[in-house]
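Peer 1: Just passing along the structure, written as C-alpha cells.
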Amino acid sequence: MGRAERSRLRRREMLAAYYETLVEEGLQGASIAKIAKRLEVPPSLLIHYFGTKEQMTIELVDYLLEVFHETYGDKLAAIPDPGERLEAIVNEFFSPLYHRLLDDRAFYACFYLSLTHPKVRHAYATHYETSLELVETAIRECMEAGGLPQDDPHELAMAVKAMEEGYAFLIGGGADEDVKAEMGEVLKRRVLAMLGYDRRV
C-alpha cells in the first residue's frame, strides 16, 4: 500500500470518528480535542491532516456522501435489468433502513453548513443530481423495454425524489417504527402506480 492510499485511509478513519462525535455532541460540541480523544491521538495530528475544523467538516460531507453511494448508489446502479433496478430503487428510497445510514443530526448539521458554504452546497447538489440520475436512467430504460408507458423520465424522476425526500423528513425525529414502515409501503405503491410500472414485464 502506497503512502497516498495510507493517507486516504487515515483521513477516512478520522472522518468516521468525527461523524460519531458529531452524532453524540452536535456540530458545535464536536471539537478537534474530542475527536482526537476518541481516536486516542493528539489533536495536532488532526490539525496536520485537515488544518481546521471547518475544513474537516467540508471533507466530512464528502466522506458521508461517498459512504452513502458505496453502500447504496453503486449497488443499485449495478442491477442490469431496468425493471428490477427500478423496483429496488423504490424499495430502498421508501425503507426506514435506507434513511438510517446517515444519522439525521449529522446530515442536517452538515446541510445547515451548506447554506453558507459553497463547497458543501456543491457536494449536496452533486449528491442529489447523482441520485436523480440513478432514478431517471432506470425509468428511461424501463420505458425503452416497454415496462413503463411513455412519459418524461426527468419529470418523473424529480417527482420520485420529491416524495423520497418528503418521506425522509416525515420519518425523522424518532417516529414510530411501525408508522415509518407503513408509510414507506404506501409510498412505494403510490410511486410505482404513478410510474405505471407493470411488475409482469
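The values are calculated or read from the model by the stated rules, or taken from the named source; none is laboratory data. Here the structure is a predicted model, which is why all the values come from computation and not from measurement. Don't worry about glycine lacking a Cβ; one is built from the backbone with ideal geometry, like all the others, and counts go over all protein chains shown. Areas reflect the complete protein model, heavy atoms only, side chains present, ligands, DNA and RNA absent. Shrake-Rupley method; radii C 1.70, N 1.55, O 1.52, S 1.80 Å.
Peer 1: Go through (1) touching a residue at least 40 places away in the same chain (Cβ under 8 Å); (2) closer than 27 Å to E54 by Cα; (3) outside any loop (DSSP other than H, G, I, E, B); (4) not charged (D, E, K, R) for G83 and report which single condition fails.
Peer 2: With (1) touching a residue at least 40 places away in the same chain (Cβ under 8 Å); (2) closer than 27 Å to E54 by Cα; (3) outside any loop (DSSP other than H, G, I, E, B); (4) not charged (D, E, K, R) applied to G83, the lone miss is (2).
Peer 1: Another question, if that's okay. List, please: which pairs have Cβ atoms under 7 Å, are six or more places apart or on different chains, and start with a residue in region 31-42 that is exposed (fewer than 15 other Cβ atoms within 10 Å of the Cβ) and end with one that is hydrophobic (A, V, I, L, M, F, W, C)?
Peer 2: P42/A36
Peer 1: Check region 102-121 and report whether any residue there is modelled with pLDDT under 95, of a type outside the set (D, E, K, R), in contact with an Asp or Glu (Cβ under 6 Å, 6 or more places away or on another chain) and surrounded by fewer than 18 Cβ atoms within 10 Å (Cβ to Cβ).
Peer 2: Within region 102-121, not a single residue is modelled with pLDDT under 95, of a type outside the set (D, E, K, R), in contact with an Asp or Glu (Cβ under 6 Å, 6 or more places away or on another chain) and surrounded by fewer than 18 Cβ atoms within 10 Å (Cβ to Cβ).
Peer 1: Just to be sure I understand the filter: pairs with C-beta atoms under 6 Å, separated by 6 or more residues or on different chains, first member in region 128-147 and within 14 Å of D74 (Cα to Cα) and part of a helix (DSSP H, G or I), second member open to solvent by less than 30 Å² (accessible area, probe 1.4 Å) and basic (K, R). Which pairs pass?
Peer 2: L132/K161; A138/R85
Peer 1: Could you check T71 against (1) in contact with a His (Cβ under 9 Å, 6 or more places away or on another chain); (2) open to solvent by 30 Å² or more (accessible area, probe 1.4 Å) and say which number it fails?
Peer 2: Failing condition for T71: (1).
Peer 1: Does H48 satisfy the criteria of being modelled with pLDDT of 90 or more and not acidic (D, E)?
Peer 2: Considered against the rule, which asks whether it is modelled with pLDDT of 90 or more and not acidic (D, E), H48 comes out as yes.
Peer 1: Something else now. Since V61 meets every condition but one in (1) open to solvent by 30 Å² or more (accessible area, probe 1.4 Å); (2) within 17 Å of the chain's Cα centre (by Cα), which condition does it not meet?
Peer 2: For V61, the failing item is (1).
A quick yes/no check of all residues on (1) of a type outside the set (D, E, K, R); (2) open to solvent by less than 60 Å² (accessible area, probe 1.4 Å); (3) farther than 29 Å from A30 by Cα; (4) part of a loop (DSSP other than H, G, I, E, B):
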site: A123; (1), (2), (3), (4): yes, yes, no, no
site: P149; (1), (2), (3), (4): yes, no, yes, yes
site: E155; (1), (2), (3), (4): no, no, yes, no
site: K161; (1), (2), (3), (4): no, yes, yes, no
site: D178; (1), (2), (3), (4): no, no, yes, no
site: M183; (1), (2), (3), (4): yes, yes, yes, no
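Peer 1: Please enumerate the residues belonging to region 135-183 that are closer than 21 Å to Y108 by Cα, modelled with pLDDT under 95 and not charged (D, E, K, R).
Peer 2: Scanning region 135-183 gives G166, Y167, A168, F169, L170, I171, G172, G173, G174, A175.
Peer 1: May I ask you to list the residues in region 163-172 that are in contact (Cβ under 8 Å) with a residue 24 or more places away in the chain and surrounded by fewer than 20 Cβ atoms within 10 Å (Cβ to Cβ)?
Peer 2: M163, A168, G172
Peer 1: Continuing with the same structure: Residue by residue through region 70-97, note down the ones that are touching a Phe, Trp or Tyr at 6+ places or on another chain (Cβ under 7 Å) and under 17 Å from G184 (Cα atoms).
Peer 2: Correct list: L86, E92, F94.
Peer 1: Does A77 count as small (G, A, S) and under 30 Å from M194 (Cα atoms)?
Peer 2: Judged against the criteria, A77 is a match.
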